[in-house]
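Scroll down for the structure; my scribbles are underneath it.
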Amino acid sequence: MSIQKEAKKITTHVLQEMKRKGEKISMLTAYDYSLAQIIDDAGVDVILVGDSAANVMHGYETTLPITLDQIIDHASSVIRAVNRALVVVDLPFGFYQGNSKVALESAIRIMKESEAHAVKLEGGKQIKDSTERILSAGIPVMGHLGLTPQSIYKFGTYVVRAKEQEEAKQLLEDAKLLEAIGCFSVVLEKIPAKLATKATRSLNIPTIGIGAGGGVDGQVLVLHDMLGINKEFSPRFLRRYANMYEDIKGAVSAYIDDVKSQDFPNEKEQY
Ligand code: KIV
């Protein structure tokens, strides 16, 4: 058995234990086999097959167009690569809101066809029935509050959410509700750091922040953003760990030059 196979697998219980011990949780998105293999090997705790695949893999402006079939396809590629991380999959827009039976059917399809470990849903009290019904089937659910990109046409903009008292109060209530009905964790996206810290302290389940400051239990970024594959997207919360747009472009330009100049292949690179 390889060392990777022996590595302790991350479960929802491990994440709760990490919160209890004050150990921060690392989470990144992945949508394909090759990159999922690299980030799992690097030791990331949670891999999110996010509906941000709509943007970075399919080129849509919002996350709304991605379908259940597409997300299942991404998730099964990721699952085939992963030995250790917990794999959470976004329920796409239109496959859980408003009808808990549809929500359960969507979550079951994700779990059965991709063999992922958990699902993520955006929203609080307005999707309580759907969340409860999925949980009742034994499927772990991660919540997502604050800037919920599937509601972008309601918000009208991607600015920071819950700056006003009323929305902040609602967010805290929603976070408590998600914990009470049995969600194992909640993502807090683009909200004031003070509010995220308050929510984190009031919950026993781990909070994972994106643009929510350092007072949360873990951090998540979109892999393509932190690797610098997308060069246009640079919100304040994003730290870039590589400049892969330029690196890949440079490598491809060098390859093109070598082909054109007949430097590639050389004698050692042929049979
Ligand atoms: O789809 C996604 O990538 C997400 C993260 C930004 C949390 O939901």
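The values are calculated or read from the model by the stated rules, or taken from the named source; none is laboratory data. Computed from a predicted structure; not experimentally measured. Glycine gets a Cβ as well: all are built from the backbone with ideal geometry, and neighbour counts include every protein chain shown. Protein only, heavy atoms only, side chains kept; ligands, DNA and RNA dropped before computing areas. Shrake-Rupley method; radii C 1.70, N 1.55, O 1.52, S 1.80 Å.
What the table below lists for this structure:
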quantity: From the options 185, 202, residue that is open to solvent by 40 Å² or more (accessible area, probe 1.4 Å), closer than 18 Å to residue 20 by Cβ and assigned by TED's automatic domain parsing to the domain that holds residue 110; calculated: 202
quantity: Meets criteria (at pLDDT 95 or above and either part of a loop (DSSP other than H, G, I, E, B) or under 30 Å from residue 22 (Cα atoms) (or both)) for residue 241; calculated: yes
quantity: Residues of the range 250-271 satisfying the condition of being among the hydrophobic types (A, V, I, L, M, F, W, C) and part of a loop (DSSP other than H, G, I, E, B); calculated: 264
quantity: Conditions (1) charged (D, E, K, R); (2) assigned to a loop (DSSP other than H, G, I, E, B); (3) within 18 Å of residue 222 (Cα to Cα); number of the one not met by residue 41; calculated: (2)
quantity: Filter result for the condition that a residue is hydroxyl-bearing (Ser, Thr, Tyr) and either closer than 22 Å to residue 44 by Cβ or in contact with a Gly (Cβ under 7 Å, 6 or more places away or on another chain) (or both), over 157, 200; calculated: 200
quantity: Where a residue in the range 242-254 is free of Cβ contacts under 8 Å to residues at least 40 places away in the same chain and its partner, wherever it lies, is open to solvent by less than 60 Å² (accessible area, probe 1.4 Å), with Cβ under 6 Å and at least six apart; calculated: 242/227; 242/228; 243/228; 244/227; 244/228; 244/229; 245/228; 245/229
quantity: Candidates 150, 97, filtered to the one that is modelled with pLDDT under 95 and crowded, with 17+ Cβ neighbours inside 10 Å; calculated: 97
quantity: Per-region count, the range 63-78, residues in contact with a strand residue (DSSP E or B) (Cβ under 6 Å, 6 or more places away or on another chain) and either at positive phi or open to solvent by 10 Å² or more (accessible area, probe 1.4 Å) (or both); calculated: 1
quantity: Flag for residue 118 being in contact (Cβ under 8 Å) with a residue 60 or more places away in the chain and either touching a Pro at 6+ places or on another chain (Cβ under 9 Å) or not aliphatic (A, V, I, L, M) (or both); calculated: yes
quantity: Yes/no for residue 20 being surrounded by fewer than 18 Cβ atoms within 10 Å (Cβ to Cβ), part of a helix (DSSP H, G or I) and free of Cβ contacts under 8 Å to residues at least 24 places away in the same chain; calculated: yes
quantity: Enumeration of residues in the range 100-127 that are open to solvent by 70 Å² or more (accessible area, probe 1.4 Å) and more than 18 Å from residue 75 (Cα to Cα); calculated: 101, 125, 126
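This table checks each residue for (1) touching a Pro at 6+ places or on another chain (Cβ under 9 Å); (2) more than 12 Å from the ligand (Cβ to nearest atom).
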position	(1), (2)
149	no, no
154	no, yes
158	yes, no
184	yes, yes
191	no, yes
205	no, yes
209	no, no
214	no, yes
221	no, no
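Let's see how each residue does on (1) more than 23 Å from residue 86 (Cβ to Cβ); (2) surrounded by fewer than 19 Cβ atoms within 10 Å (Cβ to Cβ):
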residue	(1), (2)
210	no, no
225	no, no
241	no, yes
248	yes, yes
255	yes, yes
258	yes, yes
263	yes, yes
267	yes, yes
